[in-house]
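Heads up, the thing below is written out as structure tokens.
The values are calculated or read from the model by the stated rules, or taken from the named source; none is laboratory data. Computed from a prediction, not measured in an experiment: that's the story for all the values here. No Cβ is skipped: glycine too gets one built from the backbone with ideal geometry, and neighbour counts run over all protein chains shown. Surface accessibility is based on the protein's heavy atoms, side chains included, excluding ligands, DNA and RNA. Shrake-Rupley method; radii C 1.70, N 1.55, O 1.52, S 1.80 Å.
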Amino acid sequence: MPKSKTIWLGSLASVAAIAIASAPAAAQQPKNPNIVVILADNLGYGELGVYGGGILRGAPTPRIDALAGEGTRLLNFNVEAQCTPSRSALLTGRFAIRSGTYEVPIGGIPDGLTQWEITTAELLSGQGYATGMWGKWHLGSAEDRMPTNQGFDEWYGIPRTYDEAMWPSLDETRSMWPSVGNRQGWNAKVVHPQHIYEARKGDKPRQVAVLDEDRRRTMDAEITSRAVEFIKRNASSGKPFYAYVPFAHVHMPTLPNLEFAGRTGNGDWADCLAEMDYRTGQILDAIKQAGIENDTLVIFASDNGPEERQWPGGNQPLGG
């Protein structure tokens with residue numbers, strides 16, 4: 001089989017639809033390709049070097065740029081405006097409004113992908129694939145709506161979003177502003193903190209730790225190490241696999257791993273961009289070292305437009 005690594009940065013609904021449509025045909029081939037989907041969080045079209053960003057945005061992205069050079073690069077960036085609908089479209093190939101996932105849910109209210117939707121993980125699992133996910137789900141925070149109930153064999157990550165890493169610090173006075181009584185606006189008894197979960201299909205999801213700013217810094221390292229282990233494990237067994245790897249970067253709060261803090265000299269956001277490129281390289285290296293480079297399809301994409309709350313994101317030359 002010819003080398004099939006590729007990069008897609010475009011309409012996630014289209015990517016999912018192509019994957020679903022081609023799955024039955026792929027099942028008839030002598031060997032099903034492995035599939036790795038790397039999803040950046042709030043990465044603008046113009047942030048990567050291959051799209052005119054990179055060093056101009058504070059950090060070069062050589063590994064992602066090289067991946068783009070080996071495959072297909074999409075040039076029309078049309079996605080949903082928020083995390084939840086774009087992830088729903090990616091995993092189902094359907095408009096998010098059809099499954100109740102048309103906007104980001106607020107923490108503490110009922111949320112989730114309708115359970116009759118068929119995800120790519122469910123589809124590929126039925127074709128004999130091992131399926132794994134590490135990172136942000138954002139498609140249901142009740143236990144019966146978590147990834148291991150939507151086709152994934154294993155999952156490590158958070159049910160909702162990384163904004164909530166800032167909740168625990170709201171009750172600490174670290175600046176000139178005094179606290180209001182002994183609280184600054186968040187009460188864990190009213191809205192519970194978000195936890196990091198670990199789950200296996202058929203088992204009850206287990207809370208590993210509270211998501212706070214310190215754990216936010218280490219999430220991409222944890223996500224990558226678990227994805228790499230999954231890739232190596234299944235490559236050794238010869239079982240085809242589907243690895244869904246939604247990174248934490250570059251979603252706010254943009255907190256790089258301490259190994260990358262200050263590395264670029266251009267601030268935390270640029271350090272996070274550099275770390276994201278490095279983590280992508282670790283996954284690509286694992287694929288090559290496992291000897292499955294020619295049997296693996298790699299898709300790199302972003303879930304929606306860039307961050308706009310703390311800095312001007314880069315969608316250039318596109319608008320909006």
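Residues of region 29-38 that are part of a loop (DSSP other than H, G, I, E, B) and among the polar types (S, T, N, Q): Q29, N32.
If you go through region 255-283 and keep only what is part of a helix (DSSP H, G or I), open to solvent by 10 Å² or more (accessible area, probe 1.4 Å) and either in contact with a strand residue (DSSP E or B) (Cβ under 7 Å, 6 or more places away or on another chain) or within 11 Å of G58 (Cβ to Cβ) (or both), you end up with D268, W269, A274. Filtering region 55-69 down to residues that are closer than 15 Å to R263 by Cα and in contact (Cβ under 8 Å) with a residue 60 or more places away in the chain, which residue is surrounded by the most Cβ atoms within 10 Å (Cβ to Cβ)? That would be A59. The set of residues in region 105-129 being surrounded by fewer than 18 Cβ atoms within 10 Å (Cβ to Cβ) and over 19 Å from N32 (Cβ atoms) consists of I106, G107, G108, I109, P110, T114, Q115, W116.
I231 fulfils the conditions (1) part of a helix (DSSP H, G or I); (2) closer than 21 Å to V50 by Cα; (3) of a type in the set (A, V, I, L, M, F, W, C) except for a single criterion, (2). In the set (1) of a type in the set (G, A, S); (2) assigned to a helix (DSSP H, G or I); (3) open to solvent by 10 Å² or more (accessible area, probe 1.4 Å), the condition left unmet by A286 is number (3). Here H192 meets each of (1) open to solvent by 70 Å² or more (accessible area, probe 1.4 Å); (2) touching a Leu at 6+ places or on another chain (Cβ under 8 Å); (3) at pLDDT 75 or above with one exception, condition (2). The single condition among (1) in contact (Cβ under 8 Å) with a residue 60 or more places away in the chain; (2) assigned to a helix (DSSP H, G or I) that T131 does not meet is (2). In region 208-236, which residue that is without any contact (Cβ under 8 Å) to a residue 40 or more places away in the chain and exposed (fewer than 14 other Cβ atoms within 10 Å of the Cβ) is nearest to Q289 (Cα to Cα)? Checking each candidate, the answer is E229. Taken over region 207-237, the criterion of being more than 16 Å from P253 (Cα to Cα) and touching a Lys or Arg at 6+ places or on another chain (Cβ under 7 Å) is satisfied by A209, T224.
Among the residues of this structure, R216 counts as one that is touching a helix residue (DSSP H, G or I) at 6+ places or on another chain (Cβ under 7 Å) and under 19 Å from E307 (Cβ atoms).
Those residues that are in a loop (DSSP other than H, G, I, E, B), over 13 Å from the mean Cα position of the chain (by Cα) and hydrophobic (A, V, I, L, M, F, W, C), I need them from region 39-92; list them, please. Answer for region 39-92, where residues must be in a loop (DSSP other than H, G, I, E, B), over 13 Å from the mean Cα position of the chain (by Cα) and hydrophobic (A, V, I, L, M, F, W, C): L48, A59, L74, L75, F77, V79, A81. When you look at M252, is it aliphatic (A, V, I, L, M) and either within 16 Å of A68 (Cα to Cα) or assigned to a strand (DSSP E or B) (or both), yes or no? Criteria not met by M252.
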